[in-house]
Amino acid sequence: MTDYKQEDIYTEYHDKVFGYIHNRIASWHDAEDICADVFVKVFSHLDSFDETKASLSTWIYTITRNTLRDRYRTTHVSDQLDDSSSGDDDFVDDICKSESLQQLADALEKLDDRQRDIVILHYYSGKTLLQIADHMSLSYSYVKVLHNKALANLKVLFG
């Protein structure tokens, strides 16, 4: 096994990990907290890293993705909902109140990445669809389409 120095790993991967997280979490401070959690996990499990199974970057990305997923599952999404809910938004509000957060997190995992990101940015981070369109470098109308598809998919997943 190659000897990895923690400072070299941090220097090489911090900006990449932070960028990945910040693209999914609007709050800079929350993104920094999650990024710190990622590197605590990386460094505490570095001795168990097996380079024959994956590259270091893939291993760090997996830890990042799982840490972010854990944060979604433990965060109370219903506390962050936008006050200007439409009829479809009420559906998401209802499932946040009536279903466990674990079920919601599992359902979100079944959406494609863009749909999931839009739902999380809109309901968790409180961004408007226009802000999300700007953030994701997509047109507003396309974000509306993806948002509606995400809600339709969630309706199917929750029966």
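Couple of notes before you dig in:
- Residue 156 open to solvent by 70 Å² or more (accessible area, probe 1.4 Å), part of a helix (DSSP H, G or I) and more than 20 Å from residue 68 (Cβ to Cβ): yes
- Conditions (1) at pLDDT 85 or above; (2) more than 30 Å from residue 7 (Cα to Cα); (3) among the acidic types (Asp, Glu); (4) open to solvent by 40 Å² or more (accessible area, probe 1.4 Å): number failed by residue 90: (1)
- Taking (1) modelled with pLDDT under 85; (2) surrounded by fewer than 15 Cβ atoms within 10 Å (Cβ to Cβ); (3) not polar (S, T, N, Q) in turn, residue 82 satisfies each apart from (2).
- Number of the exception - residue 107 against (1) modelled with pLDDT under 90; (2) open to solvent by 50 Å² or more (accessible area, probe 1.4 Å); (3) not aromatic (Phe, Trp, Tyr): (2)
- Residue in region 134-142 that is closer than 22 Å to residue 27 by Cα, charged (D, E, K, R) and touching a residue at least 12 places away in the same chain (Cβ under 8 Å) present: no
- Considering only residues in region 1-44 that are more than 29 Å from residue 114 (Cβ to Cβ) and touching a Phe, Trp or Tyr at 6+ places or on another chain (Cβ under 9 Å), the one that is modelled with the lowest pLDDT turns out to be 1.
- Condition check for residue 149: more than 21 Å from residue 21 (Cβ to Cβ), open to solvent by 10 Å² or more (accessible area, probe 1.4 Å) and basic (Lys, Arg): yes
- Considering only residues in region 121-134 that are in a helix (DSSP H, G or I) and out of contact with any helix residue (DSSP H, G or I) (no Cβ under 7 Å at 6 or more places or on another chain), the one that is least open to solvent (accessible area, probe 1.4 Å) turns out to be 131.
The values are calculated or read from the model by the stated rules, or taken from the named source; none is laboratory data. All figures in this text were calculated on a predicted structure; none of them were measured in a lab. Methodologically, a virtual Cβ is constructed for each residue, glycine included, from the backbone with ideal geometry; neighbour enumeration extends over all protein chains shown. Note: accessible area is taken over every heavy atom of the protein model, side chains too, but ligands, DNA and RNA are not part of it. Shrake-Rupley method; radii C 1.70, N 1.55, O 1.52, S 1.80 Å.
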